[in-house]
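So the structure is just underneath, and the comments pick up after that.
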């Protein structure tokens with residue numbers, strides 16, 4: 001079983017980022033991932049002028065997944081939750097600017113790499129099967 005929850009305090013966000021060895025971004029929003037009742041990762045993201053920006057997608061150091069899925073599959077679900085939130089509030093696109101992740105994780109999360117090497121996604125396209133207008 002896994003849970004993805006919004007991080008409600010900056011103190012908790014800073015603590016979770018530190019557990020993952022990730023930089024803490026005080027201006028960012030964050031979601032945390034718990035798998036089998038253990039903290040498993042954090043996703044921090046910003047809402048900018050007309051786009052979202054995922055600045056951190058990092059697993060806890062001892063998280064390797066479980067029998068139900070790999071760490072990358074769980075992290076992709078964590079990132080897609082942040083992207084879904086952005087789409088719900090009307091943000092049309094997002095980019096990933098965090099530390100390098102595997103190509104597989106970026107693709108599972110819904111990003112595509114453009115000709116400049118930037119990982120980006122059109123949120124309307126990504127969530128076309130369940131657009132926010134009908135939610």
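The values are calculated or read from the model by the stated rules, or taken from the named source; none is laboratory data. Being a predicted model, the structure only gives us computed values, none of them experimental. Here the Cβ is made from the backbone with ideal geometry for all residues, glycine too, and neighbour counts use every protein chain on show.
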Do we have any residue at all in segment 118-126 that's touching a strand residue (DSSP E or B) at 6+ places or on another chain (Cβ under 8 Å), under 18 Å from residue 47 (Cβ atoms), assigned to a helix (DSSP H, G or I) and in contact (Cβ under 8 Å) with a residue 60 or more places away in the chain? yes
Consider residue 73 carefully, then state whether it is more than 22 Å from residue 5 (Cα to Cα), in contact with a helix residue (DSSP H, G or I) (Cβ under 8 Å, 6 or more places away or on another chain) and either surrounded by fewer than 17 Cβ atoms within 10 Å (Cβ to Cβ) or touching a residue at least 40 places away in the same chain (Cβ under 8 Å) (or both). no
Residues in segment 1-15 that are at pLDDT 95 or above and closer than 25 Å to residue 66 by Cβ: how many? 9
Over segment 99-135, the set of residues crowded, with 18+ Cβ neighbours inside 10 Å, modelled with pLDDT under 95 and out of contact with any helix residue (DSSP H, G or I) (no Cβ under 7 Å at 6 or more places or on another chain) is 101
What number of residues within segment 78-111 are closer than 20 Å to residue 24 by Cβ, without any contact (Cβ under 8 Å) to a residue 24 or more places away in the chain and in contact with a strand residue (DSSP E or B) (Cβ under 6 Å, 6 or more places away or on another chain)? 0
